[in-house]
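Asks: Structure in structure tokens, see below.
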Amino acid sequence: MALRGTGPLHLMKKNIPLIILTLILILLPSIPFAQVQTRLRVIRASNVGAGFDPVLTDVHSQLGSLFNFTSYRLLRDESLSLSLNQPVSISAREGRITIEINLVKLQKSSPELIIRVVREEKEILKTQVRLSPGRTVLIGGPKLREGVIIYAISARF
Amino acid sequence: MKDSCSSISQLLERYFDRQATDEERSLVERHLPICQTCHERLTLLEELRKAIKAPVDEALKEETFPWVWEKIERGIRLGKKPSWQESVRSWLDLSPLLRKKVWIPAVATAIVLALVASPLLFKKTPSYSERSVVEYLESQDYNVMVYESEKAKVTVIWLFEELDPSTS
Amino acid sequence: MNDREVELISRCQQGDQDALKEIFDQYHKKVYRIAYGVVRQREDALDVVQEVFIKLFRSIKNFKGKSAFYTYLYRLAMNTAIDHSRKKKKTTFLSLDEEGGFQPSDGYEKRPDHIAAQKELEEKVRWAIDQLPQDQKATLIYREIEELSYQEISGAMGCSIGTVMSRLHYGRKKLKDLLKDMVKGGGG
């Protein structure tokens, strides 16, 4: 008669939940959570007046080397936790222009976003962009009062 | 002759487009050999048609439509969004593992693999290109410029408003 | 519409991509002809073809069968091509660098000067078509490229046959004026 409840097989059976939990804990760091921390800044650039909003110090050199505007003013600074296929919309304070950001794909260090810019309920830009660490995507051009609007988007890894 | 020419010229396009009635067609065909003006008008219509049509025929003759269907499938797929419930459900579905004949060797294999593979999983993999990539973009009313600067570590997408609305 | 087409449309409306593939196999060349007629460039025409069938799959639920299916598809193709054309910046280019080079034994058609003249005409025609009002452009393309009858064009564009004839007449007149240096034949 076979003895029951004493062999290694039985021990394993008994401890299945623990084994599975161990596996999950081991593998946890490598499972990509479907979320990306993104920073979105909404900037108004113009040639009316001169000045650089102090909060924009880190992009000062980028903006200065690319554009000839004399004034850069920060309108919104948002930290967004983007989840897969859950778009987030931000309107400029004046409310006529909205940017919508949607995380559509998540590779290890290159999230892909679909970005839409909508003005007065009409889509004026739709783009799909793959972000990489340390880089900023600037989307700009639409007129905003006496200047233009620039969106600065970067991801935190 | 003049009156006949002016009435025929009104029928000429219908004749040219093969939309004329039998009576209209024979009227035109009787008139053409004796009227240089209408004959030249018809020739001009033919030349115009040739100029519009020939490049299209030529392009189609050489066209193999490479990967077009695959891109359509991809475009349809990109438009589909699985609900979060479906994503979670498929991720959590461990039921195949619970079948008696499967779970014991499966768990044993998984443990061994995890112990072997975890150093590899923690290893830093080479990242994608340092540059952000614009996969695609579209804009109805603006001309768009894309500019990438390695030095400034920035990708610029700039929209230029059209100065004049299209006159067409 | 024949029974097969009705069945394919119904399956497509239920999300069957195999049905869409059959529709694609049947119509993609026609859609390409319309697209090329508007945009006059291969890559753009292929983009339009892709866009049309993606849009078709998404919008086919709205097709109620009140008109012929090809009318619905042609209208979608034309609108997509015109929208695409509007979005893109128009460039005119003329290349004399043909692959293969010119051999003395080649006929006139392969001579660089003839190829250049042909390309110039094609570019001019493209430019001239772009100058036309949208309705005239669409009518001309349906007639000259797809050889639709006046009745079929009126169905595709949702207008009377008289309007079709008028658009054709004024469209041709405008093209003639724009291309008068390049197209042989006289008479006003």
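Asks: Within region A:62-143, list the trypsin sites (Lys or Arg not before Pro) lying in a DSSP loop whose Cβ has at most 12 other Cβ atoms in a 10 Å radius.
Replies: Answer by residue number: A:ARG93.
Asks: Still on this structure, I have one more. Anything over 26 Å Cα to Cα? Flag those among B:LYS53/C:LYS64; B:LYS61/C:LYS173; B:LYS61/C:LYS21, in the order listed. Kindly include the intermediate steps, with their values, before the conclusion.
Replies: On the way: B:LYS53/C:LYS64 32 Å; B:LYS61/C:LYS173 29 Å; B:LYS61/C:LYS21 21 Å.
B:LYS53/C:LYS64; B:LYS61/C:LYS173, as the Cα separations exceed 26 Å there.
Asks: Which of rounded, prolate, oblate describes region A:101-148, given a ≥ b ≥ c as roots of the alpha-carbon gyration tensor eigenvalues and a/c under 1.5 marking rounded, otherwise prolate only if a/b is larger than b/c?
Replies: Here region A:101-148 falls in the oblate category.
Asks: Taking K and R as +1 and D and E as -1, what net charge do the other residues with C-beta under 14 Å from the C-beta of B:ARG30 add up to?
Replies: -3
Asks: Evaluate the Kirkwood expression for the hydrodynamic radius of region B:2-62, namely the inverse of the mean inverse distance over all pairs of different C-alpha atoms, and round to one decimal in Å.
Replies: Result for region B:2-62, one decimal place: 12.6 Å.
Asks: Apply the a/c threshold of 1.5 to the C-alpha gyration tensor of region A:35-156 and tell me whether it is rounded, prolate or oblate.
Replies: oblate
Asks: Note down the nm distance, to one decimal, between modelled labels 7 Å out along Cα→Cβ at C:ASN62 and at C:ASN2.
Replies: The modelled label-to-label distance comes out at 2.9 nm.
Asks: Show the residues, 5+ positions off or on another chain, whose built amide H is closer than 5 Å to the amide H of B:GLU148.
Replies: Amide H neighbours of B:GLU148: B:VAL156.
Asks: According to the square roots a ≥ b ≥ c of the eigenvalues of the Cα gyration tensor, what is the shape class of region C:1-88, taking rounded for a/c under 1.5, prolate for a/b larger than b/c otherwise, and oblate for the remainder?
Replies: Here region C:1-88 falls in the prolate category.
Asks: What does the charge count near A:GLY49 come to, summing +1 for each Lys or Arg and -1 for each Asp or Glu among other residues with Cβ under 15 Å from its Cβ?
Replies: In short, +1.
Asks: Right, something else. Of A:LYS126/C:LYS174; C:LYS30/C:LYS61; B:LYS153/C:LYS124, which sit over 32 Å apart, Cα to Cα?
Replies: Values: A:LYS126/C:LYS174 35 Å; C:LYS30/C:LYS61 22 Å; B:LYS153/C:LYS124 42 Å.
From the list (A:LYS126/C:LYS174; C:LYS30/C:LYS61; B:LYS153/C:LYS124), the Cα-Cα distance tops 32 Å for A:LYS126/C:LYS174; B:LYS153/C:LYS124.
Values quoted throughout were computed directly from the atomic coordinates according to the rules given, and no laboratory measurement underlies them. Remember, predicted model here, so these are calculated numbers, not experimental data. So basically every Cβ, Gly included, is an ideal-geometry build from the backbone, and we count neighbours across all protein chains shown.
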